[in-house]
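For reference, the structure discussed in these notes is given below.
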Amino acid sequence: MIGYNFTDVKNNNRYEIIQKIYQSIDANRNFITQITGLTNAAVTKIINSLIMEKFISEKNYFSNYRGRKARYLSICEGSFGVITLYFGRSMITASIADICGKIIYSQQYLINYQMIDDLIFNEIVSKTIKHFPSSLSCLGCIVISPGIRLVEETDDLNKKSKMPYFWNLKKLHDVMQNEYHIPLYTDNVCNAALLGEKWFGKGRDSNNFVLYSIGKGVGSAVCIQGKLQRGYHNSAIEIGHVTINFEGPDCDCGNRGCLELYTSTDRWEQKLTLQNAYPDQKNKMEAMFFSALRGDSTSLELLNQYIQLVTVGAVTLISLFSPEKLIISTNEADYIYLSPFIETIKRELKTRVYSTRKEEILVEESDLRQNAIVLGGIAIAIEKTLYTP
């Protein structure tokens, strides 16, 4: 357990127990005691408090696994909800979910990043809150985005505002606190997606896995020993901004020849336009994928080029972190079908990863896709609630 004082340790234990209940189908008090290493008394005290606070419930059932009646722990239904605002590169998605993972409301607004301002923020928040069920208590509003998120004034505001995908959330933070009395928290899109996979998706059965997200952006997040690795500045694992060509073009991040310059769907849109490919199609990347699916030879060749470039990032992540599993997902590109990526990455692992156990590394497609971001918002809200005095 980590922590610098008794309160930190207690909150960390509470968070770990809730996470185990999310990940376990047949959890009870004995199971929690065994898996956490805490004493029976400590587990009893924490579980009783979480029941009183309506985070979890305890019910009687017949356990097929144990062959007898038992009591199991589950997340409490009808207690809390979370608002998640995903600020993407070309859209905002506003969602409401209860803490059991049921998405109650979701609305997408197609809008260019550069057009987003405080007025739009406030209008979207106002519309979303009207759909929040009166039967639920709101744990918070979670703002998820690529890039930099700022919720307080700083001396270097102007310097930071010149960076790509910079979000000044100070006014939105004040509106949420003063007008709606709802706390606002922020996090990186890949961090949120990884937490969504860890609590609700393909990462539930693994303590060491990598999330690799492709689409308009290229990013990643890593779970090691059951913990999301955030880095000192909460911006770890920027795989999209790793140089793959030292003589490549300059990137907005300040680096050059970045992976994202060669693999983002926006860059490929530009490439296909220059090649005069799919001249009658507005979304050329989508056209490439569907034409390849129909067996068009030119599209298959282009798709293979794209997959090979994406595979560079996957192989790099696996070489760096030696995970049990790589989960590949998409962002702002639902048309991407991932099966050929999985097949190529598995094949390339055999020759391009320096490990004696590379055959054991699983490569899987996310079932949650964009919903992982919303569900990750639940994990963030619960963590912030438990750790906030």
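The values are calculated or read from the model by the stated rules, or taken from the named source; none is laboratory data. This one's a predicted model, so the numbers in the text were calculated from it and none came from an experiment. Note that each Cβ is placed from the backbone with ideal geometry, even for glycine, and that neighbours are counted across all protein chains shown.
Checked against (1) within 26 Å of residue 86 (Cα to Cα); (2) at pLDDT below 95, residue 338 passes all but condition (2). Being in contact with a helix residue (DSSP H, G or I) (Cβ under 8 Å, 6 or more places away or on another chain) and surrounded by 16 or more Cβ atoms within 10 Å (Cβ to Cβ) is the filter here, so list the residues in segment 112-138 that pass it. 121, 125, listed by residue number. Assessment of segment 89-99 against the conditions (within 13 Å of residue 378 (Cα to Cα) and surrounded by fewer than 14 Cβ atoms within 10 Å (Cβ to Cβ)) yields no matching residue.
Taking the condition farther than 26 Å from residue 112 by Cα and not in a helix (DSSP H, G or I), does residue 245 pass? Taking the combined requirement at face value, the residue satisfies it.
Does segment 240-263 contain any residue that is among the charged types (D, E, K, R), crowded, with 16+ Cβ neighbours inside 10 Å, assigned by TED's automatic domain parsing to the domain that holds residue 210 and in contact with an Asp or Glu (Cβ under 7 Å, 6 or more places away or on another chain)? There is no residue in segment 240-263 that is among the charged types (D, E, K, R), crowded, with 16+ Cβ neighbours inside 10 Å, assigned by TED's automatic domain parsing to the domain that holds residue 210 and in contact with an Asp or Glu (Cβ under 7 Å, 6 or more places away or on another chain).
Under the condition of being farther than 17 Å from residue 219 by Cα and in contact with a strand residue (DSSP E or B) (Cβ under 6 Å, 6 or more places away or on another chain), which residue from segment 343-373 is surrounded by the fewest Cβ atoms within 10 Å (Cβ to Cβ)?
Of the residues in segment 343-373, the ones farther than 17 Å from residue 219 by Cα are 343-344, 346-362, 367.
Narrowing further to those that are in contact with a strand residue (DSSP E or B) (Cβ under 6 Å, 6 or more places away or on another chain): 346, 362.
Working: 346: 17, 362: 15.
Among residues in segment 343-373 that are farther than 17 Å from residue 219 by Cα and in contact with a strand residue (DSSP E or B) (Cβ under 6 Å, 6 or more places away or on another chain), the one surrounded by the fewest Cβ atoms within 10 Å (Cβ to Cβ) is 362.
Screening segment 1-90 for strands (runs of 3 or more DSSP E) wholly inside it with 1 or more residues that are in contact with a strand residue (DSSP E or B) (Cβ under 6 Å, 6 or more places away or on another chain) and more than 24 Å from residue 228 (Cα to Cα) returns the ranges 56-63, 68-75.
The set of residues from segment 267-310 being assigned to a helix (DSSP H, G or I), surrounded by 13 or more Cβ atoms within 10 Å (Cβ to Cβ) and of a type in the set (Gly, Ala, Ser) comprises 287, 291, 292, 299. Scanning segment 357-376 for residues that are assigned to a helix (DSSP H, G or I), more than 15 Å from residue 212 (Cα to Cα) and of a type in the set (A, V, I, L, M) turns up at least one hit. Within segment 257-266, at least one residue is in contact (Cβ under 8 Å) with a residue 40 or more places away in the chain, of a type in the set (A, V, I, L, M, F, W, C) and assigned to a helix (DSSP H, G or I).
Meeting the requirement of 3 or more residues that are touching a strand residue (DSSP E or B) at 6+ places or on another chain (Cβ under 6 Å) and at pLDDT 95 or above, the strands (runs of 3 or more DSSP E) wholly within segment 137-230 are 137-145, 209-215, 219-224. Taking (1) surrounded by fewer than 18 Cβ atoms within 10 Å (Cβ to Cβ); (2) polar (S, T, N, Q); (3) not assigned by TED's automatic domain parsing to the domain that holds residue 23 in turn, residue 84 satisfies each apart from (1). Considering 348, 324, 364, 332, the condition of being within 19 Å of the chain's Cα centre (by Cα) and farther than 22 Å from residue 224 by Cβ is satisfied by 332 alone.
For segment 273-286, which positions are free of Cβ contacts under 8 Å to residues at least 12 places away in the same chain and either closer than 18 Å to residue 339 by Cα or not aliphatic (A, V, I, L, M) (or both)? Show your work before the answer.
From segment 273-286, those free of Cβ contacts under 8 Å to residues at least 12 places away in the same chain are 273-276, 279-282; that's our starting set.
The answer is 273, 275, 276, 279, 280, 281, 282.
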